[in-house]
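A.B. asks: Structure in structure tokens, see below.
The values are calculated or read from the model by the stated rules, or taken from the named source; none is laboratory data. These figures come from a predicted structure and were not determined experimentally. Glycine also receives a Cβ, built like all others from the backbone with ideal geometry; neighbour counts cover every protein chain displayed.
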Amino acid sequence: MVRPDEYVPTNYLSVLIMVIVGFIFGLGGLIFGSFVRPRFYYKEKLVPYECGNEPSGLPWQKIAIRYYPIAILFAVFDVELGLIYPWTVGFSGLTSTGFLVMIGFLLVLLLGLVYDLKKGILDWHRR
Amino acid sequence: MVSNNLFLEILLILIKIAVVLGIVLLHAAYTVYAERKIIGRMQARLGPTEVGPYGLLQPIADLLKLLTKEDIIPLEAERLIFLVAPLIVLTFAIVNLSVIPFHPSFIIADVNIGILLILAGASLAVYGIILGGWSSGSKYSLLGGLRSAAQVLSYEIPLGMSLAGVILAAESFKLSDIVNHQAQSFFGMNAIPQILGFIVFLICAFAETNRAPFDLPEAESELVAGYVTEYSGFRMGMFFLAEYISIYVMSLLIVHCYFGGWTLPGWLLTIFPPLKFVPAPLILLIKVYFFVFLFIWVRATYPRYRFDQLMSMCWKILIPVSLLNFLIVAFLKRGGF
Amino acid sequence: MARPLFMSIFLLLFLALFLLLFRQKKVVYQFLVYLVMMVLLGIVYLFLGSEFLMAFQIIVYAGAILVMFLFFLYLYPEEEFKIQDMRNSTLIKTLIPSLLFVITLILILFTFDVREYEASASVYSVKELAKLIYNQYPLAIFLLAFILTYPMIAIYLLMKGSESDD
């Protein structure tokens, strides 16, 4: 293996080029389109859509807090996923402690999820 | 000398990318046509017939129309974010193609963490949805973006969990290793021993690509067009192109992870030996076409879910089931099966 | 030769983004700059030789935890963020600890002899990493499970608190 202070990840070059190509593809379409598309703007056209009415105020109001638990639960389970992946790849090298600790980890998290579901966090029609 | 090599290498990569993008974009364009035609037939209509013979030039006409449409930015929009959001979605949809092998020896980026890069790309593409919905300055976009973001985020977890079962079976993140492991296994494909994981993955693939029956952004009766409401012209086209590319990414992932990619299971070959002479890309192509057809078929068949049903299905059914699938695979593998 | 070049580019980018972060007036743009920094940090991990850590950084930090922050945009209108002017007094307060951090980092960089350093195999290989963390530190993983259940209970309390104004 190469020393860490001399390592350059060359096989990721193609991923980088793919990112650049993807970006240029979208941008190129927009730039090409800007030559051919019409520009005929007036104020009524630029008003956001609201079923034909005049929009009543800006949209950025306080929206239901119900969506926020989903973001938090997602973060929790994403950390869990990040910890599962090395466990799955190094599976054959694990001792029985290493095997059982992950099973316990998953069961504790499942217990937490069951707690949240029992308390009705993710029910939309509670009342 | 070194720079010369680097230049050649970059040229080679660019040629590979051009081939892959050409094939996938052509397929994505004609999937739109196939979808309209198939759904039309299923609903006893004809579908597009006007442009070209049998309407075959319809995708090109659509592209030209999208390019020449006006590009409207609403007055109250956050301009920069509004402009960047579709680019984020399209870029990360395209990047996912770079780690998927199309042939035993054809892959753009042969990296050790293939599947994880796809998951990373999916989690970064969510920003396009959230920011696009937030910056439009319209109430429908805001709510639609929030709903789509919540949907995509929720379904990423059972998706990752069921993928963990596949990774555990092969003990590698590389898709080519996963395919080779399936070819050597007893059943020949992961879909039979991991049937629970496969079903969960299939449902999540529909939800991740915002397709029917989970196409909440297109729930016209409630949200107009979701986070795409204020987008017009080529920007809207970028969102839709990204959707169709990610249909192909998801179909390729299903085929590689659960149906053995370009290999056929051993028991099938012993029953019917002439199948050995079928070339590998043809096998892959037929399997992928089947799953793309399934995406269209489901859209024509199933009614749309309500948002609360969608969320409770994910958290109450899919996540526990995918955990169960993972535990079964882990215990079976530990037991030596 | 390529590596020092890339590393200095990353250093300059980090410094530029750090200054850009404090110059933004709107919270969304601060989020965006922070997101770019998170992804760049993942690429720095890649240069340090750990592919898995890059994926973990992008999936968990850039993909999950920042999305959690970003959902705050939907909770409050923009005006409520504007009450605090983040640009002058806060900048000086936050500059002091970060400058201390940068100075210690530079000190370590110049006093530490890199040639003595031998990376363990767990840096490169995910298999070795799994052996290390799951076989040798099982208690830490198990404790982490309980730490992760803490936000799940916190959600219930949060929802219970906001029941009245919902």
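A.B. asks: Would it be correct to say that B:Lys287 is in a helix (DSSP H, G or I), touching a residue at least 24 places away in the same chain (Cβ under 8 Å) and of a type in the set (Lys, Arg)?
C.D. replies: It is true that B:Lys287 is in a helix (DSSP H, G or I), touching a residue at least 24 places away in the same chain (Cβ under 8 Å) and of a type in the set (Lys, Arg).
A quick yes/no check of all residues on (1) in contact with a helix residue (DSSP H, G or I) (Cβ under 6 Å, 6 or more places away or on another chain); (2) at pLDDT 85 or above; (3) among the aliphatic types (A, V, I, L, M):
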| site | (1), (2), (3) |
| --- | --- |
| B:Ile283 | no, yes, yes |
| B:Ile296 | yes, yes, yes |
| B:Met313 | no, yes, yes |
| B:Pro320 | no, yes, no |
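A.B. asks: Still on this structure, please answer the following. B:Ile88 - would you say it is farther than 20 Å from A:Leu13 by Cβ, β-branched (Val, Ile, Thr) and at pLDDT 85 or above?
C.D. replies: Spelling it out, B:Ile88 is indeed farther than 20 Å from A:Leu13 by Cβ, β-branched (Val, Ile, Thr) and at pLDDT 85 or above.
A.B. asks: Name the residue that is farthest from A:Ser14 (Cα to Cα), counting only residues in the range B:97-122 that are among the small types (Gly, Ala, Ser) and within 12 Å of chain C (Cβ to nearest Cβ). Outline the logic, then answer.
C.D. replies: Taking the range B:97-122 as the starting set, the residues that turn out to be among the small types (Gly, Ala, Ser) are B:98, B:105, B:109, B:114, B:120-122.
Right, trim to within 12 Å of chain C (Cβ to nearest Cβ) and you get B:109, B:114, B:120-122.
Working: B:Ala109: 6, B:Gly114: 13, B:Ala120: 16, B:Gly121: 15, B:Ala122: 18 Å.
Ranking the qualifying residues of the range B:97-122, first place goes to B:Ala122.
A.B. asks: Mind checking which residues of the range B:123-141 are buried (at least 24 other Cβ atoms within 10 Å of the Cβ) and either at positive phi or more than 8 Å from every other protein chain (Cβ to nearest Cβ) (or both)?
C.D. replies: B:Gly128, B:Ile129, B:Gly132, B:Gly133
A.B. asks: Given (1) facing chain B (nearest Cβ under 9 Å); (2) at pLDDT 75 or above; (3) exposed (fewer than 15 other Cβ atoms within 10 Å of the Cβ), identify the lone condition not met by A:Gln61.
C.D. replies: Every listed condition holds for A:Gln61 apart from (2).
A.B. asks: Please list, ordered by residue number, the helices (runs of 4 or more DSSP H) wholly in the range B:186-283 having 2 or more residues that are farther than 22 Å from B:Leu119 by Cα and either assigned by TED's automatic domain parsing to the domain that holds B:Ala149 or out of contact with any strand residue (DSSP E or B) (no Cβ under 6 Å at 6 or more places or on another chain) (or both).
C.D. replies: B:220-223, B:233-258, B:266-271
A.B. asks: Could you tell me which of the residues B:Pro53, B:Pro86 is away from every other protein chain (no Cβ under 11 Å) and either in contact with a His (Cβ under 6 Å, 6 or more places away or on another chain) or not hydroxyl-bearing (Ser, Thr, Tyr) (or both)?
C.D. replies: Being away from every other protein chain (no Cβ under 11 Å) and either in contact with a His (Cβ under 6 Å, 6 or more places away or on another chain) or not hydroxyl-bearing (Ser, Thr, Tyr) (or both) holds for just one of B:Pro53, B:Pro86, which is B:Pro53.
A.B. asks: Looking at the structure I just gave you, is B:Ala77 within 9 Å of another protein chain (Cβ to nearest Cβ), of a type outside the set (D, E, K, R), closer than 30 Å to A:Pro38 by Cβ and assigned to a loop (DSSP other than H, G, I, E, B)?
C.D. replies: Here the answer is yes, as B:Ala77 does meet what is asked.
A.B. asks: Pick out the one residue from C:Val33, C:Val60 that is over 23 Å from A:Phe77 (Cα atoms), under 13 Å from the mean Cα position of the chain (by Cα) and assigned to a helix (DSSP H, G or I). First the steps, then the outcome.
C.D. replies: Numbers: C:Val60 fails: over 23 Å from A:Phe77 (Cα atoms).
Just a single option satisfies the conditions, and that option is C:Val33.
A.B. asks: Could you list all residues from the range A:63-104 that are in contact with a helix residue (DSSP H, G or I) (Cβ under 7 Å, 6 or more places away or on another chain) and not in a helix (DSSP H, G or I)?
C.D. replies: A:Ile63, A:Gly90, A:Leu94, A:Thr95
A.B. asks: Could you tell me whether C:Leu107 is at pLDDT 75 or above, over 20 Å from the mean Cα position of the chain (by Cα) and assigned by TED's automatic domain parsing to the domain that holds C:Leu21?
C.D. replies: Here the answer is yes, as C:Leu107 does meet what is asked.
A.B. asks: I'd like to know if the range B:59-68 contains one or more residues that are surrounded by 15 or more Cβ atoms within 10 Å (Cβ to Cβ) and assigned to a loop (DSSP other than H, G, I, E, B).
C.D. replies: no
A.B. asks: Test each condition in (1) assigned to a helix (DSSP H, G or I); (2) away from every other protein chain (no Cβ under 14 Å) for B:Thr91 and report the one that comes out false.
C.D. replies: (2)
A.B. asks: Look at B:Ser185 and say whether it is more than 9 Å from chain A (Cβ to nearest Cβ), free of Cβ contacts under 8 Å to residues at least 24 places away in the same chain and more than 17 Å from the chain's Cα centre (by Cα).
C.D. replies: On the way: more than 9 Å from chain A (Cβ to nearest Cβ): yes; free of Cβ contacts under 8 Å to residues at least 24 places away in the same chain: yes; more than 17 Å from the chain's Cα centre (by Cα): yes.
For B:Ser185, the condition - more than 9 Å from chain A (Cβ to nearest Cβ), free of Cβ contacts under 8 Å to residues at least 24 places away in the same chain and more than 17 Å from the chain's Cα centre (by Cα) - is met.
A.B. asks: Keeping to the range A:84-109, report how many residues are among the aliphatic types (A, V, I, L, M) and facing chain C (nearest Cβ under 7 Å).
C.D. replies: 6
A.B. asks: Within the group B:Ala205, B:Ala170, B:Ala212, which residue is in contact with a helix residue (DSSP H, G or I) (Cβ under 8 Å, 6 or more places away or on another chain) and modelled with pLDDT under 85?
C.D. replies: Being in contact with a helix residue (DSSP H, G or I) (Cβ under 8 Å, 6 or more places away or on another chain) and modelled with pLDDT under 85 holds for just one of B:Ala205, B:Ala170, B:Ala212, which is B:Ala212.
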